[in-house]
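Worksheet: one structure, shown below.
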Amino acid sequence: MSPPARWLVRTLYVYTFLDELVLLYPVYTLLFTHTGLSVAETSSLFVIWSLTGMVLEIPSGAWADAVSRRLLLFVGPLLAAVGFALWVISPSYGIFALGFVRWGARDALTSGAMEALVYEELARTGETSRYARVMGRATAVGVMAAAAAMALATPVLAAGGYLGVGAASVLACLLTAATALAFREHRHADSPDGVDAAAPSYWQVLKAGLAEARGNRRVLDGLVLVATVTAVWGALEEYVPFLGVETGLSETAIPLVYLLLWVGVTAGGLLAGRVGRLRPRGFGSLLVIAATTLAGGALTGHPAGFVLIAASFALFQSAGVVADARLQDSITGPGRATVTSVAGLGTGLVTVAVFVVYGAASGLVPHGLMFALLSVPYLLVAGWAMTGRRTRPVPEGVVR
């Protein structure tokens with residue numbers, strides 16, 4: 001790996017680790033309960049969070065393409081820092097809602113910008129073949145940071161209360177923003193002052209990105225693949241506690257189940273580089289194995305089934321990273337972050353659809369069967385991936 005690529009990768013890993021090392025993540029629902037919010041009010045906050053991210057997803061992607069990906073990676077954590085500070089200083093429903101708006105904006109700003117910056121900086125040195133492995137390892141680093149945040153949250157909460165947890169979270173966000181400044185962005189390197197007067201405007205980039213997402217068959221295929229592969233298992237993860245209780249686990253054992261699942265997700269991120277070498281038929285077969293493993297683990301009705309579910313999550317994580325890498329390879333225009341944000345929007349919409357379906361059927365169908373039924377979309381995607389149009393790989397170092 002070239003020196004510029006090594007700098008990029010190290011900065012990416014530090015940024016990802018700090019971005020997930022937020023001690024409020026494991027305990028913010030407890031803060032809401034402590035403040036007196038009902039389950040319905042808490043659910044409405046999640047809706048505000050999701051809608052904010054989806055509304056801003058594509059506009060922020062175009063902003064990243066027109067201005068600077070590094071700038072958005074710097075601004076995003078600062079927005080979250082302000083929101084988290086307000087949560088612990090003046091907790092109330094309105095303040096929580098404002099914080100989730102800022103959190104949703106932060107997610108939108110960084111989504112698309114990160115992938116575009118990493119891919120194009122690797123392309124400068126002719127190393128785009130490393131993208132899937134690099135992003136997979138970054139995902140693994142993020143999972144480890146989330147596990148560390150969970151381990152640290154309890155003692156910090158006991159020692160300093162929610163104010164202490166909030167202060168640590170704000171510090172993590174500020175360090176994340178500072179790390180963003182270490183990224184090197186060479187999009188306008190040929191211009192003496194770093195500003196390309198011939199660069200397309202915001203509206204030109206937005207129009208070009210949306211046109212490519214709609215009109216380029218390879219890009220459209222990639223968008224569908226990223227949204228479906230990433231969203232379904234990610235949404236099912238939220239229902240793991242219900243499945244655990246249904247299999248006979250106590251509530252105190254649920255964190256151990258999540259630890260097992262995180263081990264699987266971490267392994268999946270580390271294996272993404274190898275999975276990226278699979279051809280369409282092999283990639284489709286991987287999805288079939290993951291789907292059947294997920295269904296089999298859920299239908300056992302026994303806690304041991306979570307071993308299979310963890311294995312399926314590992315495969316889905318690898319497949320999601322590879323789907324993103326293949327989407328990046330297919331983008332040809334100037335709106336890389338815009339197109340990637342379209343994938344983020346699609347992922348959000350599919351996730352909401354899973355939540356709606358699961359919620360509507362939850363009183364009628366056992367959780368194990370729901371997990372199995374929601375593995376079926378992966379079989380459909382696998383068949384489509386194996387029989388879809390074959391595409392040639394993009395030459396190394398080409399950013400079209």
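The values are calculated or read from the model by the stated rules, or taken from the named source; none is laboratory data. In this text, all values refer to a predicted model and were calculated from it rather than measured experimentally. Because the Cβ atoms are built from the backbone with ideal geometry, glycine has one as well, and the counts that use them run over all protein chains shown. For accessibility, only protein heavy atoms count, side chains too; no ligands or nucleic acids. Shrake-Rupley method; radii C 1.70, N 1.55, O 1.52, S 1.80 Å.
Here are some notes:
- Some residue of the stretch 280-287 being of a type in the set (Phe, Trp, Tyr), in contact (Cβ under 8 Å) with a residue 60 or more places away in the chain and open to solvent by 20 Å² or more (accessible area, probe 1.4 Å): no
- Subset of the stretch 98-114 (residues that are buried (at least 24 other Cβ atoms within 10 Å of the Cβ) and aliphatic (A, V, I, L, M)): Ala108, Leu109, Ala113, Met114
- Thr179 falls short of the stated requirement of being over 30 Å from Asp329 (Cα atoms), among the polar types (S, T, N, Q) and either open to solvent by 20 Å² or more (accessible area, probe 1.4 Å) or assigned to a helix (DSSP H, G or I) (or both).
- The residues in the stretch 228-242 that are open to solvent by 40 Å² or more (accessible area, probe 1.4 Å) and touching a Gly at 6+ places or on another chain (Cβ under 8 Å) can be counted, and the count is 1.
Residues checked against (1) modelled with pLDDT of 90 or more; (2) open to solvent by 60 Å² or more (accessible area, probe 1.4 Å); (3) within 22 Å of Ala123 (Cα to Cα):
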residue	(1), (2), (3)
Thr332	no, no, yes
Gly335	no, no, yes
Val356	no, yes, no
Ala360	no, yes, no
Phe371	yes, no, no
Ala385	no, no, no
Thr391	no, yes, yes
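- As a summary of the residue check, Leu117 satisfies the conditions (1) crowded, with 17+ Cβ neighbours inside 10 Å; (2) in a loop (DSSP other than H, G, I, E, B); (3) modelled with pLDDT of 90 or more except for the one numbered (2).
- Subset of the stretch 143-154 (residues that are of a type outside the set (Ser, Thr, Tyr) and either surrounded by fewer than 20 Cβ atoms within 10 Å (Cβ to Cβ) or more than 20 Å from Gly273 (Cβ to Cβ) (or both)): Met144, Ala145, Ala146, Ala147, Ala148, Ala149, Met150, Ala151, Leu152, Ala153
- Summed over the stretch 21-44, residues that are surrounded by 20 or more Cβ atoms within 10 Å (Cβ to Cβ) and assigned to a helix (DSSP H, G or I) total 1.
- Any hit, the stretch 155-164, residues being assigned to a helix (DSSP H, G or I) and open to solvent by less than 10 Å² (accessible area, probe 1.4 Å): no
- Matching option when the condition is touching a Lys or Arg at 6+ places or on another chain (Cβ under 9 Å) and within 20 Å of Asp65 (Cβ to Cβ), among Ser330, Ser318: Ser330
- Some residue of the stretch 196-208 being open to solvent by less than 40 Å² (accessible area, probe 1.4 Å) and at pLDDT 90 or above: no
- Which listed residue, of Phe32, Phe17, is touching a Phe, Trp or Tyr at 6+ places or on another chain (Cβ under 9 Å) and of a type outside the set (A, V, I, L, M): Phe32
- Candidates Ser312, Ser318, Ser341, filtered to the one that is closer than 17 Å to Ala113 by Cα, surrounded by 20 or more Cβ atoms within 10 Å (Cβ to Cβ), of a type in the set (Ser, Thr, Tyr) and touching a residue at least 24 places away in the same chain (Cβ under 8 Å): Ser341
- Number of residues in the stretch 68-89 that are farther than 15 Å from Val170 by Cβ, in contact (Cβ under 8 Å) with a residue 40 or more places away in the chain and open to solvent by 50 Å² or more (accessible area, probe 1.4 Å): the value is 2.
- From Met54, Met144, residue being of a type outside the set (Gly, Ala, Ser) and under 21 Å from Leu270 (Cα atoms): Met144
- Residues of the stretch 213-227 classified as open to solvent by 20 Å² or more (accessible area, probe 1.4 Å), in a helix (DSSP H, G or I) and over 26 Å from Val356 (Cα atoms), total: 4
- Note on the stretch 121-133: among residues that are open to solvent by 30 Å² or more (accessible area, probe 1.4 Å) and part of a helix (DSSP H, G or I), the one that is nearest to Glu185 (Cα to Cα) is Arg124.
- Residues satisfying the stated conditions in the stretch 1-13, i.e. hydrophobic (A, V, I, L, M, F, W, C) and surrounded by 18 or more Cβ atoms within 10 Å (Cβ to Cβ): Ala5, Leu8, Val9, Leu12
- Test: residue in the stretch 243-253 that is within 23 Å of the chain's Cα centre (by Cα), open to solvent by 40 Å² or more (accessible area, probe 1.4 Å) and modelled with pLDDT of 85 or more: no
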